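Here is the structure we will look at, set down as structure tokens.
The values are calculated or read from the model by the stated rules, or taken from the named source; none is laboratory data. Treat the numbers as computed from the prediction; the structure is a model and nothing was measured. Every residue, glycine among them, receives a Cβ derived from its backbone with ideal geometry; neighbour counts consider all protein chains shown.
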Amino acid sequence: MVDSYPILFFAAASALILWQFFSEKAIGKLFAPIFYLSIIAFAVSFYWQPSAMESKAPKLILQLLFIGFTSLLTKQFKDKPLVLLFSLALTVLATILFVKWDSNREEPFIPLSQNGEILIELKEGVEVESIIAKLNVPAARAFFPVDEATTTLDNYLIVDAPNEKVKMDLLIDQIKKMKEVNHIEFNELVKLPNEEAKTTKRVDKNLGVNDPGVKEQWGLEKLDLQEFHASLKNIKPKKKALIAILDTGVDAKHEDLKGNFKSINRKHDKDTHRHGTHCAGIAAAVTNNKKGIASLSPNGKYVEVTSIKVLSGFGGGSQSGIIKGMLEAADAGADVISMSLGGRTNDNAVKAYTDAVKYCNKKGAIVVVAAGNSNINAKLFAPANTPGVITVSAVDQNLKKAKFSNTTQDIEMAVSAPGVEIYSTLPNNKYGALSGTSMSTPYVAGLVGILKSINPDLTTQQVFAILNTNGQTTQDENKVGRLIQPKKAIESISR
């Protein structure tokens, strides 16, 4: 479908030009159905182009403007045959230019980190310094896991490649030919989408807590908060589970978080963005303190939350930075790692993520990841498509797939949670609503934390089985998985 895109553009533009030029003749009617079929196929092929919407939308706008301009030009001067030839010639030229635009686009189409564009995994026992000398470009060890014996992540190098595409391609070819190299992938950038605060659907039902903001938390109503808290009354946790929020940082001093917050490094305890603080509130806000909002955790006995800053104040970060955060969380004893982040990826770009997830699992952490907000298949997003993670899609107030949510039909372990107009904490003791699979993810992370507090030995596969088996069937279950049901999940492990 992608290769047919320029052909369909040419067909649609040419058919419209010919239709306009011969509009007063019988032959003109033949070009009308050709135009309609071509423009529909053109739209479909546009949708399936393997690039983010924000990068391909300008191209579509220019192409549609061109089609409109040439058709109007032809219609205005349809008594002059030279105009027809001129319009068709312009169409040929425009098609060539658009194809060239595609061919000159940086590959991969996913933006890369400016400092350290390439990750390479060396074979076991290879001396790092000798490889760096061979590369003749800036390179260094990428990751420093505490338990090196349990992973190959200590064999990864991060390489600062030349900015020129030709030189980068030559470097990649050189690396691929090195017998000491086991794997190569790009160090892709991650950028949070712009999310606007919105008003929320108010809750009429009594949820059994005294937090004033709970009236704005429709998600907790759908998750039967009061019944869930009642089911926990006779269950004593074996430990206080630690939920690590890997994000833009968390406002550790927030009035509705500080009672449940555990700092592992002060540099992570500020949030100049808001995304991380919002996620932390959903996962583990202090409940029944007569302030702000509530969370699934009824008190401070079950979970506590910490922050690891892997994204900047502008919401950007890199794959290598996220993996470093995962290792830091696992080494700090996190029971749950919540990652409301990710983006489009290349097919080969999950090896490092996969190794990181395996490391976290061996350290006892369960990794929960957002499916993404592009309304496409989550298999195209990382780390959502990484083996070993629980991937979370978003549902709206009617428990239907949120319009923006990626689908998870091709993901091994996937569930859904509320993700539209979710009211939670914001920096500086503020509150507001945001939408995204970013919001649905900490709902799941919060519940997984409570499960781990009751049974610390639960594995990712066991937790997913609990969430999936006891989840609620929805209209879009085949696209987003089952909606988590906290009360049933807890009852299934406490019988």
Query raised in the report: Out of all the residues in region 267-286, which are buried (at least 23 other Cβ atoms within 10 Å of the Cβ) and not in a loop (DSSP other than H, G, I, E, B)?
Result: H268, H275, G276, T277, H278, C279, A280, G281, I282, A283, A284
Query raised in the report: Among I493, I466, which is the only one that is at pLDDT below 95 and within 25 Å of K239 (Cβ to Cβ)?
Result: I493
Report task. Enumerate the pairs (first residue in region 444-461 and closer than 12 Å to I390 by Cβ; second residue anywhere and modelled with pLDDT of 95 or more and of a type in the set (S, T, N, Q)) with beta-carbon separation below 7 Å, excluding pairs fewer than 6 apart on the same chain, so at least 6 apart or on different chains. Result -> A445/S338; T460/N361
Report summary line: Going through (1) buried (at least 24 other Cβ atoms within 10 Å of the Cβ); (2) assigned to a loop (DSSP other than H, G, I, E, B) one by one, N375 fails only at (1)
Report summary line: Note on region 115-143: residues over 25 Å from the mean Cα position of the chain (by Cα) and part of a loop (DSSP other than H, G, I, E, B) are K123, E124, G125, V126, E127, N136, V137, P138
Report task. Give the residues of region 300-323 that are among the charged types (D, E, K, R) and touching a strand residue (DSSP E or B) at 6+ places or on another chain (Cβ under 9 Å), sorted by residue number. Result -> E304, K309
Query raised in the report: If only one of K205, K167, K233, K177 is assigned by TED's automatic domain parsing to the domain that holds A284 and modelled with pLDDT under 95, which one is it?
Result: K233
Report task. Would you please name the residue that is surrounded by the most Cβ atoms within 10 Å (Cβ to Cβ), looking only at residues in region 76-89 that are touching a residue at least 24 places away in the same chain (Cβ under 8 Å) and closer than 13 Å to A13 by Cα? Result -> S87
Report summary line: Inside region 7-35, the number of residues satisfying the requirement of being surrounded by fewer than 20 Cβ atoms within 10 Å (Cβ to Cβ), of a type outside the set (A, V, I, L, M, F, W, C) and at pLDDT below 85 is 5
Query raised in the report: Scanning region 414-433 for residues that are surrounded by 24 or more Cβ atoms within 10 Å (Cβ to Cβ) and aliphatic (A, V, I, L, M), which turns out farthest from the chain's Cα centre (by Cα)?
Result: I422
Query raised in the report: Among V392, V369, which is the only one that is in contact (Cβ under 8 Å) with a residue 12 or more places away in the chain and touching a Pro at 6+ places or on another chain (Cβ under 7 Å)?
Result: V369
Query - Filter result (more than 20 Å from I454 (Cβ to Cβ) and surrounded by 23 or more Cβ atoms within 10 Å (Cβ to Cβ)) within region 287-305 - result: G292, I293
